[in-house]
1. Among the hydroxyl-bearing types (Ser, Thr, Tyr), surrounded by fewer than 16 Cβ atoms within 10 Å (Cβ to Cβ) and not in a helix (DSSP H, G or I), is that true of Thr59?
2. For the subset of segment 469-488 comprising residues that are in contact with a strand residue (DSSP E or B) (Cβ under 6 Å, 6 or more places away or on another chain) and open to solvent by less than 10 Å² (accessible area, probe 1.4 Å), which member is farthest from Glu289 (Cα to Cα)?
3. For segment 446-460, check the following and say yes or no: at least one residue is of a type in the set (Phe, Trp, Tyr), in contact (Cβ under 8 Å) with a residue 60 or more places away in the chain and more than 21 Å from Val22 (Cα to Cα).
4. If I ask for residues that are open to solvent by less than 70 Å² (accessible area, probe 1.4 Å) and over 16 Å from Met297 (Cβ atoms), which ones from segment 374-386 would you list?
5. Only one of Ala391, Ala423, Ala414, Ala344 is open to solvent by 40 Å² or more (accessible area, probe 1.4 Å) and either in contact with a strand residue (DSSP E or B) (Cβ under 6 Å, 6 or more places away or on another chain) or closer than 30 Å to Gly477 by Cβ (or both). Can you tell me which?
6. Within segment 275-292, take every residue that is closer than 23 Å to Thr144 by Cα and open to solvent by 20 Å² or more (accessible area, probe 1.4 Å) and give me the one that is modelled with the lowest pLDDT.
7. Here's a check for you: in segment 116-171, which residue that is among the charged types (D, E, K, R), assigned to a helix (DSSP H, G or I) and touching a helix residue (DSSP H, G or I) at 6+ places or on another chain (Cβ under 6 Å) is surrounded by the most Cβ atoms within 10 Å (Cβ to Cβ)?
Amino acid sequence: MFVKPVNPERVDWESTVDFAVVGGGGCGLSAAATASAHDCEVVLVEKSDTLGGKARVATGQVCAVDSELQRDRGIDDDPEDFLEDLTAQQTVESAGEYELNHALVTAVARRSGETIDWLMRDVGADFALHTGQFEMAGHRVHRTHYPVRDDGVIPRAGEPVIEKLHETAAEQGVDIRTEFPCDQLVVDENTNEVIGIASKENPTPVPRRQTVHMIRADNVLLACDGFGANPELIADRFPELSDLDYWGTRENTGDAVRMANELGLGLDEPLYDLHGPFTVPEGVYLPNELVKAGSIMVNESARRFMDCGNVPYRVMDMHLMEEENGTGYIVFDRSIVDVFLEEALTRHQFTYLLDEECFDVTESIEGLAAAYGLDADALADTIGTVNRAAADPDADVPFGREYPHELTPPFYSAKIRPMYVKARQGILVNERMQARRRDGGVVENLYAGGNASESLEAGDPNAYIPGMDLMTAFTEGRIVGERVGAQYDD
């Protein structure tokens, strides 16, 4: 059971707090740091031994609307523009099947820019608004913000923000408990109201000897991500992922989904996200900008199979999944290496890839083909077509892609496949992130955020703009933290 009915008068409560946050990722930490800035007592429980969750290891981009960094550059952006950009990603078929929650999308977008401002001003995190090469597909204006480390490096990860949020929450007195899995929501057996959480501290091999911590709380936030690490839920919702590896934290086991089912909460459409490419067999993540920069992807027949010049990486990976064995090969040359080493956004990450020898380097098409057992004539024809297109803008280019330059030796290459980075089915929420029941009612003191809450994509795999995941995590946590914290102001 994931919901525990109790008589509150008969429980030996370990502690009583104003606000219990379940999950120590970007959403949970943002909520805790925001609420604790008020006169609000907060406890945060995280089942892992480290904080950050997926936000720590994610590629780092945070899209935000009307941030101070945008305004400083003279960029005019608003929530309706963001909604239009997101809607534009839908196909005719998917728009008929999935209906975006316009109110929720615009509510989150409206608060996203000020969330970045808050993270910089009050939390001490640093961001760079990306206006250089490799702008992500789908954004009409520059709205992609990347975390910056104290040494000025852009690490392509959310870790710098997570560390600052942790420091801020701790300094403001948040009771942060790692290795504390929240096993159950606690409800009043008479009123069915949510009154706290039950957590087992670092479970022992003998279940009956586990110490169960009963924490009473006026408000609870579920920010415990999705179910990417739960094989049973994956097999049930997404059997097509059974042959793919999971790139994410092992704590994402679908706790919020199972609590929601038992509590009678509404759930949105299940959704998974691919992210790649990843090298085979090592599973090292390669920057998806490699393809946008002029690299090509070929399949086992040494042929291109999609236009990958300006599409979201989720769509690119969906095409890759359809190829034989769900694998392909990425090919580029030294000129692209130089571009990636010169660009601040990619320099740190790409230097690591070169140092770790993640690419095969060959001096001819024949050598390139031999490295992977591909047909050399077919590969030569594919590269020849690309090079003719680069020399002649009027050349017939398969899949409508024009290339910036000819591909010449030495060739850098890797065998690639996608991985899935999230699998989720979120709790339906209102614009204040309060959980909604199946019958349409609202649970006033129960909130959901990040991948534990209703997705902005509404289940549509096409409706995605890069940077949305961390945008929703930080922003929704901020929305909840402000609402809860305001209850305890004098």
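1. no
2. Val484
3. The answer is no; no qualifying residue exists.
4. Matches in segment 374-386: Ala376, Ala380, Gly384.
5. None of the others qualify; the one that does is Ala344.
6. Here is the first cut: in segment 275-292, the ones closer than 23 Å to Thr144 by Cα are 275-278, 285-292.
Adding the requirement that they be open to solvent by 20 Å² or more (accessible area, probe 1.4 Å) leaves 285, 292.
Working: Tyr285: 90, Lys292: 79.
Per the stated criteria, the residue is Lys292.
7. Quick first cut of segment 116-171, residues among the charged types (D, E, K, R) only: 117, 121-122, 126, 135, 140, 143, 149-151, 156, 159, 163-164, 167, 171.
In the following step, the residues that additionally are assigned to a helix (DSSP H, G or I) were identified as 117, 121-122, 159, 163-164, 167, 171.
Still in the running and touching a helix residue (DSSP H, G or I) at 6+ places or on another chain (Cβ under 6 Å): 117, 159, 164.
Details: Asp117: 17, Glu159: 17, Lys164: 21.
Ranking the qualifying residues of segment 116-171, first place goes to Lys164.
Per-residue answers, yes or no, for (1) part of a strand (DSSP E or B); (2) under 30 Å from Val284 (Cα atoms); (3) open to solvent by less than 10 Å² (accessible area, probe 1.4 Å); (4) free of Cβ contacts under 8 Å to residues at least 60 places away in the same chain:
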site	(1), (2), (3), (4)
Ala35	no, no, yes, no
Cys40	no, no, no, no
Val43	yes, no, yes, no
Asp77	no, no, yes, no
Leu83	no, no, no, yes
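The values are calculated or read from the model by the stated rules, or taken from the named source; none is laboratory data. All values derive from a computational prediction rather than experimental measurement. Virtual Cβ from ideal backbone geometry, glycine too; neighbours counted across all protein chains shown. Each accessible area value is taken on the protein alone, full model and side chains, heavy atoms only, with ligands, DNA and RNA left out. Shrake-Rupley method; radii C 1.70, N 1.55, O 1.52, S 1.80 Å.
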